[in-house]
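*Asks:* Would you mind keeping the following structure in view while I ask a few things?
Only the coordinates and a few stated rules stand behind these numbers; no lab work does. Here the structure is a predicted model, which means the values were calculated and not measured. Positions of Cβ are generated from backbone atoms using ideal geometry, with glycine treated the same way; all protein chains shown enter the neighbour counts.
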Amino acid sequence: MTTAIELLREEINKELQGSVTIVVLGASGDLAKKKTYPALFGLYQNGFLPENTRIVGYARTKMDREEYLKRITQYIKLKKDDDKDKLEAFKEITDYISGQYDQDSSYQDLNQFIEQSEEKRGIEGDKKNRVFYMALPPSVFVSVAKGLKYNVYSKEGSNRVVVEKPFGMDSETSDHLARELGALFTENEIYRIDHYLGKEMVKNIMNLRFANVLLGHAWDRTYIDNVQITFKEPFGTEGRGGYFDEFGIIRDVIQNHLLQVLTLIAMERPISTDAESIRDEKVKVLKCIEPISIEDTLLGQYVAANGKPGYLEDETLKNKESLTPTFAAVVCWINNERWEGVPFILKAGKALNEAKVEVRIQFHHVAGNLYKGSPRNELVIRIQPKEAVYMKFNNKQPGLSYQTIQTDLDLSYHERYTNLFIPDAYESLILDVLRNDHSNFVRDDELERAWKIFTPLLHKIDRHDDDVEIKPYEYGSRGPAELKDFVKKYGYHRDTQVNYQWPQQNVNPSLNKL
Ligand code: BG6
């Protein structure tokens, strides 16, 4: 019997007729070595790259093959001994050439290199497929896209261009970029990566919602009180202050990663699982969200504590009086029949007390409850670390007691699934590029709507208007002290019972005594 994996391999080979050249632009940079190459190796190792694949790294840095191979394999982790042979074989299919980002002659050299390689590999006609992965800073996006289109574009095979945020700084700059790229490549040729869409639990949201009758029916304002989507990182901007200071936490994480999660939680059921049907629904729900107001916002910046430097002490930060937020909580209101009145609270912060990304959906209290005081149900989708879906719910205390206690239905992936393999988000997304599936990529109109929601607020923050306050919070804390009251104001009850055991924590022996 053909397995699902074999079917996938067949699908990719058929889609690309067995051959592709993957060009990694910015091959000497951080994104390429930390994410792109390890993901390409993962795909190669699992037999997902077409039989006739060549990977060509391109960047300005002049380096020999040895140096290049050393760089791109730095972050590749080998699990087994025989992976070593796979890595050697992977190296054999990759090459590097250096060139400028703004000179046609450099791209002509690149094109010549690819053509020679195609010829050597016996690739003809419409099999000359090319994927251009732009692991590049936004300042060179357009000139590189032009260079590729005019000089390296495959005239007979398919062309796919992969780009990653930042897609502009606000509506205007993003629209400008979209127009420039759109003049060169068709929407179908462009893959805008938001790597959160490649995460296992984010991909699972649609299955949870639309394959379970129970959840499907409880998914609206009648049952749900509030939704929180939280991103916490336990480290500051160390080493990235230069980049971060221009963007801030809203542009860095909320406007893209968390908003993408929100759209999957809030959209209506698409008419099918094809990419355009899904993206149509995502755009529709984004159109129902009003621009976020400053009154619905809490901003913060971390200060030194616990032996760790504050944001302003970051050596890579130029503006030592910066007012860029490193923490933000913002509330989105979705004005449609399903969600009117339900706050979607998006929270993200650097230098917090833990690493965690989760969606927490809090249901209403039971009306006319027989068991007074029992806490609300909560459905939690833990995106990372330790992927899990759990539902906090109420249950009779086992044994002679009649007490109602809070417990949970817990699907912790690492306990439930044996031989669990969760691919890195980039691996899963590059696989989608090869399959020509756009479902997990951001469409141009989706991006436009996303910016509309955040641009007025961002401009206000950038201008430091009088009503913009940045609250300090300590490195390693839960965020600004005002956060607790902020979420409470929007209806969130933190009514966890004293004895409640959070999933994956040790069982409290006192619970078993009655
Ligand atoms: C990136 C942001 O897009 O996402 C980073 O620029 C952030 O600031 C990162 O750390 C988080 O990604 P992950 O996959 O580690 O949760």
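*Asks:* Within a Cβ distance under 15 Å of V389, other residues only, what is the Lys/Arg minus Asp/Glu net charge?
*Replies:* Once all neighbours under 15 Å are counted, the net charge is +2.
*Asks:* Same structure, new question: Rounded to the nearest 5, what % of the DSSP beta bridges within the chain are antiparallel ones?
*Replies:* About 55 percent, rounded to the nearest 5.
*Asks:* Amide H of K165 versus every other amide H placed in the peptide plane: which residues, excluding those fewer than 5 positions away on the same chain, fall under 5 Å?
*Replies:* Here the answer is I193, since their amide H atoms fall under 5 Å of that of K165.
*Asks:* For the pair I5 and Q108, what calculated FRET efficiency results from E = 1/(1 + (r/R0)^6), where r is the Cβ-Cβ distance and R0 = 30 Å, to the nearest 0.05?
*Replies:* The value I calculate is 0.15.
*Asks:* Rounded, prolate or oblate: which one fits the stretch 181-283, using the alpha carbon gyration tensor with axes a ≥ b ≥ c (rounded when a/c is under 1.5, else prolate when a/b beats b/c, else oblate)?
*Replies:* The shape class here is oblate.
*Asks:* Another one. In the chain, with Lys and Arg counted as +1 and Asp and Glu as -1 at Cβ, which of these residues, A388, T2, G236, has the Cα nearest the positive end of the dipole, that is, farthest along it?
*Replies:* A388
*Asks:* On to the next question. Which longest uninterrupted range of the chain lacks any GluC sites (Glu not before Pro) assigned by DSSP to a loop state (not H, G, I, E or B) and surrounded by at most 16 other Cβ atoms within 10 Å?
*Replies:* 355-468
*Asks:* From the helices alone, meaning DSSP H stretches of at least four residues, give me the mean residue ellipticity at 222 nm for the chain, per-run term -39500 (n - 2.57), in deg cm²/dmol to the nearest 500.
*Replies:* When only DSSP H runs of four or more count, the value is -10000 deg cm²/dmol.
*Asks:* Here is a follow-up. With 10 Å bins from zero, work out the P(r) of the chain over every alpha carbon pair and list the percent per bin.
*Replies:* 3, 17, 26, 26, 18, 8, 2, 0, 0
*Asks:* Something else about it: Give the distance, in whole Å, between the Cα centre of the stretch 445-485 and the Cα centre of the stretch 218-281.
*Replies:* Taking the Cα centre of the stretch 218-281 as reference, the centre of the stretch 445-485 is 15 Å away.
*Asks:* For the Cα atoms of the chain, what angle does the longest principal axis make with the long axis of helix 141-151, in degrees from 0 to 90, nearest 10?
*Replies:* 30
*Asks:* Still on this structure, please answer the following. Can you pull a Stokes-Einstein diffusion coefficient for the stretch 1-101 at 20 °C (1.002 mPa s), Rh from Kirkwood over Cα pairs, as a whole number of µm²/s?
*Replies:* Taking Rh from Cα pairs, D becomes 150 µm²/s.
*Asks:* What is the angle, in °, between the Cα long axis of helix 4-15 and the longest principal axis of the Cα atoms in the chain? Nearest 10 is fine, range 0 to 90.
*Replies:* Helix 4-15 sits roughly 40 degrees off the main axis of the chain.
*Asks:* Any idea what angle helix 425-435 forms with the longest principal axis of the chain, computed on alpha-carbon atoms, 0 to 90 degrees, nearest 10?
*Replies:* Approximately 50 degrees, to the nearest 10.
*Asks:* Can you give the three extents of the C-alpha atoms in the stretch 142-187 along their principal axes, from longest to shortest, in whole Å?
*Replies:* For the stretch 142-187, the Cα extents along the three principal axes come out at 36, 15, 14 Å.
*Asks:* Taking only pairs that are 8 or more places apart or on different chains, how many Lys pairs in the stretch 308-428 have Cα atoms under 14 angstrom apart?
*Replies:* Lysine pairs meeting both conditions in the stretch 308-428 amount to 4.
*Asks:* List the trypsin sites (Lys or Arg not before Pro) within the stretch 350-452 that fall in a DSSP loop (any state other than H, G, I, E or B) and whose Cβ has at most 14 other Cβ atoms within 10 Å.
*Replies:* Qualifying residues, ordered by number: K372, K386.
*Asks:* Here's a follow-up. Tell me, what HN-Hα J-couplings in whole Hz come from the Karplus equation 6.51 cos²θ - 1.76 cosθ + 1.60 at θ = phi - 60° for each residue of the stretch 353-364, using x for Gly and Pro?
*Replies:* 7, 7, 9, 6, 10, 8, 10, 10, 9, 9, 8, 5
*Asks:* Residue by residue, what Karplus-based ³J(HN,Hα) values in Hz, rounded to whole numbers, does the stretch 22-35 have, using 6.51, -1.76 and 1.60 with θ = phi - 60° and x for Gly and Pro?
*Replies:* Coupling constants for the stretch 22-35: 9, 9, 9, 8, x, 4, 8, x, 5, 4, 4, 6, 7, 10 Hz.
*Asks:* Here's something else I'd like to know. When only DSSP loop residues count, what chymotrypsin sites (Phe, Trp or Tyr not before Pro) in the stretch 330-394 have their Cβ near at most 15 other Cβ atoms within 10 Å?
*Replies:* Here the sparse-neighbourhood loop sites are Y371.
*Asks:* Taking amide H positions as placed 1.01 Å from N in the peptide plane, with prolines and chain starts having none, which residues 5 or more places from N226, or on another chain, fall under 5 Å of its amide H?
*Replies:* Q362
*Asks:* If you don't mind, there's one more thing I want to ask. Rounded to two decimal places and with Rh computed the Kirkwood way over Cα pairs, what is Rg over Rh for the stretch 287-420?
*Replies:* When Rh is taken as the Kirkwood radius, the ratio is 1.08.
*Asks:* Under the rule of at least 5 residues apart or a separate chain, name every residue whose amide H is placed under 5 Å from the amide H of Y473.
*Replies:* Under 5 Å from the amide H of Y473: Q301, Y302, V303.
*Asks:* Which ³J(HN,Hα) values in Hz, rounded to whole numbers, follow from the phi angles of the stretch 441-449 under the Karplus curve 6.51 cos²θ - 1.76 cosθ + 1.60, where θ = phi - 60° and Gly and Pro get x?
*Replies:* Values per residue, Gly and Pro as x: 10, 8, 7, 4, 6, 5, 4, 4, 5 Hz.
*Asks:* In the neighborhood of E281, defined by Cβ-to-Cβ distances under 14 Å, what is the net charge if each Lys or Arg adds +1 and each Asp or Glu adds -1?
*Replies:* Residues close to E281 contribute a combined charge of +3.
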